[in-house]
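Since the structure comes first, as structure tokens, the remarks are kept for the end.
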Amino acid sequence: MNMMQGATLLKYKNYRYLKATSLLMLLAITAYALIRPAGGESYGGTWLGYLLGIISTLIMFFLMWYGITKRRITGSPERRKLRTRVARSTEMADQARLERRKTRKKTRVLSGAMLQEWLSAHVYLGASLIVLVSLHTGFHFGLNVHTLAYVLMLLVISSGFYGLNVYLNYPRLITLNMTEDTLDNLLLKIAELDELAGTRALGLPDEVNTLIMKARRETRIGGTLFQQLSGDQKDCPTRIAVQQMLHLGAKYNQDDQPKIMRDLYSALLRKEKLVLRARTEIMLKARLECWLYLHAPLGIALLAALAAHIVSIFFYW
Amino acid sequence: MISCLLIHVTRNPQGLPVCKNSVITGSTIQIGRGAACKVHLLDHRVSLLHASVRRSEDGALYIDGERNATLKINGFIAQSAPLLPGMHVEIGPYALVVEPAASGHDLILSVELIHPLNDHDAGIACQTAPVTLAALGLSKRKLGFSLAACILFLYLLLPMLPSASVAFDKWQAGMPVTLNGSWSPGPLAGGHALFGAKCSTCHQRSFQAVSDEVCTGCHKQTGKHLAKEELQEKTFKATRCTECHIDHKGSERLVLHDSSTCISCHGEIRRKVAGSELANVNDFATGHPPFHITLRNDKELIRVRQDDKDKLIEKSGLKYSHQVHLAKGGVSSPQGDTVMRCQDCHKLEESGLHFAPMTMKKTCQQSDCHALDLTEPAEGLAPHGSELAVMNHLRVFYSKWLNDSPENRAACDPDVQGITACADDLARKNAATTLFRKNKECGECHEIGPAADNDVPWKIAPVRINRDWQPDAAFAHAKHEAMSCTDCHDKMNSRTSADISMPTIAKCRECHAGNHPAKGKIASGCDSCHRFHQGVK
């Protein structure tokens with residue numbers, strides 16, 4: 001999704017869902033302000049509280065249904081990869097392939113449009129839950145399953161807001177960072193530079209050779225969750241090697257070594273830039289995807305907490 | 001000069017050796033990674049200059065390892081050794097084998113890379129590290145379902161368990177962390193806190209609302225709203241206790257202080273209850289009728305609207321002037337002029353709602369006031385009581401006085417014979433002249449009339465001081481102690497006990513607003529004064 005698609009998502013059909021959810025929130029706030037429940041204190045057990053709770057629950061089911069629909073239309077990432085692999089390896093008749101492509105494209109366009117509408121509704125309705133559910137609670141909170149469901153809902157919505165933000169901004173940053181390259185390309189180039197630097201360094205003193213080997217062995221691109229998200233490596237050996245090479249260049253300035261040192265330094269500099277780009281790519285993509293690892297599981301957890309909340313209310317009515 | 005045939009051995013894909021020969025010569029043959037070395041071993045595990053092959057003084061060839069460089073000769077670490085055919089020398093990942101001598105060469109060495117670098121050793125770590133979150137093996141489904149399972153177990157299954165067994169419920173209720181505590185939406189009110197986590201005390205049946213029987217099981221004394229059974233049943237049959245008494249809202253909130261429920265009926269009470277004499281009430285400030293004052297009318301209690309001035313007369317049977325007693329200059333007393341305050345006579349009870357009943361002894365005779373003096377023929381005090389009791393006291397008093405001294409008997413009428421008869425005679429005379437006089441002594445406060453009884457020929461009008469002017473309402477005097485009594489009760493100029501100085505609703509409205517807060521006023525709902533469970537007739 002690029003910036004334009006993001007904008008379309010929010011402005012879908014002239015802000016249809018923004019208007020609808022704004023109206024819903026306005027009605028809820030007005031009702032909350034005007035309708036004075038028995039006892040003068042609003043909470044989930046008044047008729048307005050029940051109504052807001054029912055509406056919010058239905059909205060939550062709708063929002064979760066979006067996730068199911070999305071998976072049904074686009075499939076899970078694993079399935080997508082599998083499909084691509086199968087398609088590549090299978091020799092299909094050109095005509096049949098063309099026909100299939102046409103059909104798939106048509107379905108994808110339809111599904112894409114439908115998904116975009118769903119997503120637009122998903123974003124605005126999800127945001128409206130903050131207001132609706134807060135009014136449902138009557139702003140009574142405690143250490144109980146009811147507040148747990150509320151907090152989980154806020155976490156799901158917060159992660160959704162983060163996701164919306166990254167989907168609106170990160171695709172552009174990824175394009176700017178990678179230009180025409182791919183991550184595989186960058187890794188290959190880095191490997192080539194490592195090979196080149198390693199070969200060059202073999203003829204140089206151990207100090208230089210060790211530095212280059214360390215930069216080759218210990219420079220890490222990607223890695224654990226936090227390493228991917230940070231897009232950096234503490235005390236990056238390549239960065240240190242570049243700095244050290246400046247000093248070592250002066251130290252081993254003899255025979256034909258200055259040229260080799262220069263080449264080595266140049267290779268390391270190029271590698272450092274490539275490593276930075278590769279890490280940035282991994283970081284941006286990790287940040288682009290990481291929120292879903294909270295949004296979806298917390299959504300499922302919210303469903304469980306919601307079930308416990310509703311059952312508890314009627315179990316001890 | 002050393003002439004050396006160097007055989008470079010590599011392996012083809014089938015693992016068979018492929019040899020490539022080269023001849024090197026020199027006085028010393030250096031072996032190492034460095035470009036200057038004649039045996040050039042391209043691997044970082046080999047030192048720049050690792051070892052040298054030299055000729056000794058006796059002409060034999062030997063290999064000499066450089067400082068800090070390790071040689072492994074025939075499996076043993078060594079620094080230097082003579083080169084003999086068949087000798088196996090390991091330098092870093094390379095194996096050098098001394099081949100049997102052949103013509104034309106002093107030394108034949110075969111060199112083979114026996115420990116090539118694998119990908120990891122080559123430092124291609126960056127390519128093997130996960131570069132996507134998916135590659136980390138994280139699963140949204142697994143995480144989500146695990147969380148959901150934990151939540152369902154902790155917050156759905158466990159809280160249900162206590163309802164399965166009473167004994168188990170009792171046991172878990174005593175634990176520091178209870179199984180069903182997470183279901184409680186808030187702290188219990190007041191005395192209900194005693195139940196703690198034993199939810200089944202009130203929630204006796206799953207998926208069924210708390211019944212009224214549960215409440216009335218403990219609150220047996222709680223009255224109904226309407227005294228008429230039929231009307232009560234008809235009006236409140238479908239109303240549950242918990243509709244008004246909502247628990248789990250903290251210690252303060254169990255009683256409904258909101259007036260909207262009351263108004264839902266009393267706002268149109270005349271329409272809703274045919275034949276009702278009650279006025280419609282919507283709000284204390286704007287839609288409340290004038291107060292009713294409850295008075296005793298001879299035999300029964302009557303309720304008189306406060307604006308019905310003609311009927312608003314108290315018939316207490318007493319003659320009393322608040323004006324005299326509350327005079328700024330004081331009221332005459334045995335201690336001289338004494339300035340009295342309302343509280344001198346009206347003592348607030350501990351409940352803070354009502355005043356203690358006034359008595360002659362504690363109220364009227366405080367500071368020696370209103371003493372019932374006897375002066376003739378002997379000085380003494382008469383008691384405060386019924387007419388008969390006073391007369392009997394006088395008879396006993398004079399009888400005793402006549403017996404005290406024969407001289408006292410001179411006061412007897414010559415026509416009256418005997419001490420008893422004389423005492424009775426003196427009692428009658430003095431009662432008539434000192435006590436039962438109009439506007440004096442007894443007559444100062446009581447209405448006295450004649451009686452047919454020969455023994456007690458006077459009749460005191462019965463005293464009925466009204467103690468509760470508005471029995472259907474609760475007024476907390478204690479909460480109004482910051483005010484002066486006369487701010488509400490206009491008694492400073494009241495000359496007669498017939499005056500009723502109960503404040504009107506207008507007076508209350510000076511400080512009290514209705515259901516909704518108003519600037520500078522106190523919001524006052526129905527339950528500020530009325531009690532729902534009082535059983536209105």
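Within region B:229-255, the set of residues being of a type in the set (Gly, Ala, Ser) and touching a residue at least 24 places away in the same chain (Cβ under 8 Å) comprises B:GLY250, B:SER251. The residue that is farthest from the other protein chains (Cβ to nearest Cβ), counting only those in region B:175-185 that are crowded, with 18+ Cβ neighbours inside 10 Å and either within 22 Å of B:SER251 (Cβ to Cβ) or in contact with a Ser or Thr (Cβ under 7 Å, 6 or more places away or on another chain) (or both), is B:THR178. Here B:SER276 fulfils each of the conditions (1) in contact with a Lys or Arg (Cβ under 6 Å, 6 or more places away or on another chain); (2) touching a residue at least 40 places away in the same chain (Cβ under 8 Å) apart from (2).
Is it the case that A:THR84 is exposed (fewer than 14 other Cβ atoms within 10 Å of the Cβ), at pLDDT below 85, of a type in the set (S, T, N, Q) and within 30 Å of the chain's Cα centre (by Cα)?
On the way: exposed (fewer than 14 other Cβ atoms within 10 Å of the Cβ): yes; at pLDDT below 85: yes; of a type in the set (S, T, N, Q): yes; within 30 Å of the chain's Cα centre (by Cα): yes.
Judged against the criteria, A:THR84 is a match.
May I ask you to list the residues in region B:234-264 that are part of a loop (DSSP other than H, G, I, E, B), over 21 Å from B:GLU213 (Cα atoms) and touching a helix residue (DSSP H, G or I) at 6+ places or on another chain (Cβ under 9 Å)? Within region B:234-264, B:SER251, B:GLU252, B:HIS257, B:ASP258, B:SER259 meet the criteria. Within region B:434-467, being among the polar types (S, T, N, Q) and surrounded by 14 or more Cβ atoms within 10 Å (Cβ to Cβ) holds for B:THR434, B:ASN466.
Taken over region A:175-224, the criterion of being acidic (Asp, Glu) and either under 36 Å from the mean Cα position of the chain (by Cα) or at pLDDT 85 or above (or both) is satisfied by A:GLU180, A:ASP181, A:ASP184, A:GLU192, A:ASP194, A:GLU195, A:GLU218. For residues that are part of a loop (DSSP other than H, G, I, E, B) and polar (S, T, N, Q), scanning just region B:277-327, find the one that is nearest to the chain's Cα centre (by Cα). Filtering first and then ranking leaves B:ASN282.
Yes/no matrix, rows are residues, columns are (1) over 30 Å from A:HIS140 (Cβ atoms); (2) modelled with pLDDT under 85; (3) surrounded by 13 or more Cβ atoms within 10 Å (Cβ to Cβ):
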residue	(1), (2), (3)
B:ARG253	no, yes, yes
B:HIS257	no, yes, yes
B:THR261	no, yes, yes
B:GLU268	yes, no, yes
B:GLU277	yes, yes, no
B:PRO289	yes, no, yes
B:GLU300	yes, yes, no
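Taking the numbered list (1) among the charged types (D, E, K, R); (2) farther than 22 Å from A:TRP317 by Cβ; (3) outside any loop (DSSP other than H, G, I, E, B) in turn, B:LYS224 passes all entries but (3).
Annotation for region B:406-416: at least one member residue is of a type in the set (A, V, I, L, M, F, W, C) and part of a helix (DSSP H, G or I).
Restricting attention to region B:194-211, the residues that are within 10 Å of another protein chain (Cβ to nearest Cβ) and among the hydrophobic types (A, V, I, L, M, F, W, C) add up to 5. Would you call A:GLN244 outside any helix (DSSP H, G or I) and closer than 27 Å to B:ARG45 by Cα? For A:GLN244, the condition - outside any helix (DSSP H, G or I) and closer than 27 Å to B:ARG45 by Cα - is not met.
Number of residues in region B:229-248 that are surrounded by 14 or more Cβ atoms within 10 Å (Cβ to Cβ) and over 30 Å from the mean Cα position of the chain (by Cα): the value is 3. Scanning region B:27-47 for residues being assigned to a loop (DSSP other than H, G, I, E, B) and touching an Asp or Glu at 6+ places or on another chain (Cβ under 8 Å) gives a total of 2. No other residue among B:MET360, B:MET340 is surrounded by 17 or more Cβ atoms within 10 Å (Cβ to Cβ) and in contact with a His (Cβ under 6 Å, 6 or more places away or on another chain) apart from B:MET340. Among the residues of region A:180-200, is any touching a residue at least 40 places away in the same chain (Cβ under 8 Å), surrounded by fewer than 19 Cβ atoms within 10 Å (Cβ to Cβ), within 13 Å of chain B (Cβ to nearest Cβ) and under 30 Å from B:PRO185 (Cα atoms)? Scanning region A:180-200, I find no residue that is touching a residue at least 40 places away in the same chain (Cβ under 8 Å), surrounded by fewer than 19 Cβ atoms within 10 Å (Cβ to Cβ), within 13 Å of chain B (Cβ to nearest Cβ) and under 30 Å from B:PRO185 (Cα atoms), so the answer is no. Annotation: of all residues in region B:86-112 being under 25 Å from A:LEU196 (Cβ atoms) and at pLDDT below 90, the one that is surrounded by the fewest Cβ atoms within 10 Å (Cβ to Cβ) is B:PRO93. Does region B:161-174 contain any residue that is polar (S, T, N, Q), surrounded by 17 or more Cβ atoms within 10 Å (Cβ to Cβ), within 12 Å of chain A (Cβ to nearest Cβ) and out of contact with any Ser or Thr (no Cβ under 7 Å at 6 or more places or on another chain)? Within region B:161-174 (the criterion being polar (S, T, N, Q), surrounded by 17 or more Cβ atoms within 10 Å (Cβ to Cβ), within 12 Å of chain A (Cβ to nearest Cβ) and out of contact with any Ser or Thr (no Cβ under 7 Å at 6 or more places or on another chain)), the answer is no, since none of the residues qualifies.
Checked against (1) touching a Ser or Thr at 6+ places or on another chain (Cβ under 8 Å); (2) farther than 18 Å from B:GLN365 by Cα, B:GLY317 passes all but condition (1). Among the conditions (1) more than 10 Å from chain B (Cβ to nearest Cβ); (2) under 37 Å from the mean Cα position of the chain (by Cα); (3) over 29 Å from B:VAL131 (Cα atoms), A:TYR252 misses just one, which is (2). For region B:506-519, what are the residues that are surrounded by 16 or more Cβ atoms within 10 Å (Cβ to Cβ) and either hydrophobic (A, V, I, L, M, F, W, C) or within 20 Å of B:TYR320 (Cα to Cα) (or both)? Those that are surrounded by 16 or more Cβ atoms within 10 Å (Cβ to Cβ) and either hydrophobic (A, V, I, L, M, F, W, C) or within 20 Å of B:TYR320 (Cα to Cα) (or both): B:CYS508, B:ALA513.
Figure legend. Inter-residue proximity from region A:300-314: first residues farther than 21 Å from A:GLY160 by Cβ and more than 8 Å from chain B (Cβ to nearest Cβ), second residues buried (at least 24 other Cβ atoms within 10 Å of the Cβ) and small (Gly, Ala, Ser), beta-carbon distance below 8 Å, spacing 6+ or different chains. No pairs are indicated.
Grab the strands (runs of 3 or more DSSP E) fully contained in region B:48-106, keeping just those with 2 or more residues being in contact (Cβ under 8 Å) with a residue 12 or more places away in the chain and at negative phi.
On the way: elements: B:51-55, B:61-65, B:71-73, B:76-78, B:80-82, B:88-91, B:94-99.
Correct list: B:51-55, B:61-65, B:71-73, B:80-82, B:88-91, B:94-99.
Residue count for region B:158-190 under the criterion of being outside any loop (DSSP other than H, G, I, E, B) and touching a helix residue (DSSP H, G or I) at 6+ places or on another chain (Cβ under 9 Å): the result is 16.
Select from region B:126-139 the residues that are crowded, with 20+ Cβ neighbours inside 10 Å and part of a helix (DSSP H, G or I) and list them in ascending order. Scanning region B:126-139 gives a single hit, B:CYS126. Is there a residue in region A:273-283 that is within 7 Å of chain B (Cβ to nearest Cβ) and touching a residue at least 24 places away in the same chain (Cβ under 8 Å)? Yes, that holds for at least one residue.
The values are calculated or read from the model by the stated rules, or taken from the named source; none is laboratory data. The structure presented is a predicted model; accordingly, all values stated were derived computationally and were not measured. In this analysis, Cβ positions are derived from the backbone assuming ideal geometry, glycine residues included, and neighbour counts consider all displayed protein chains.
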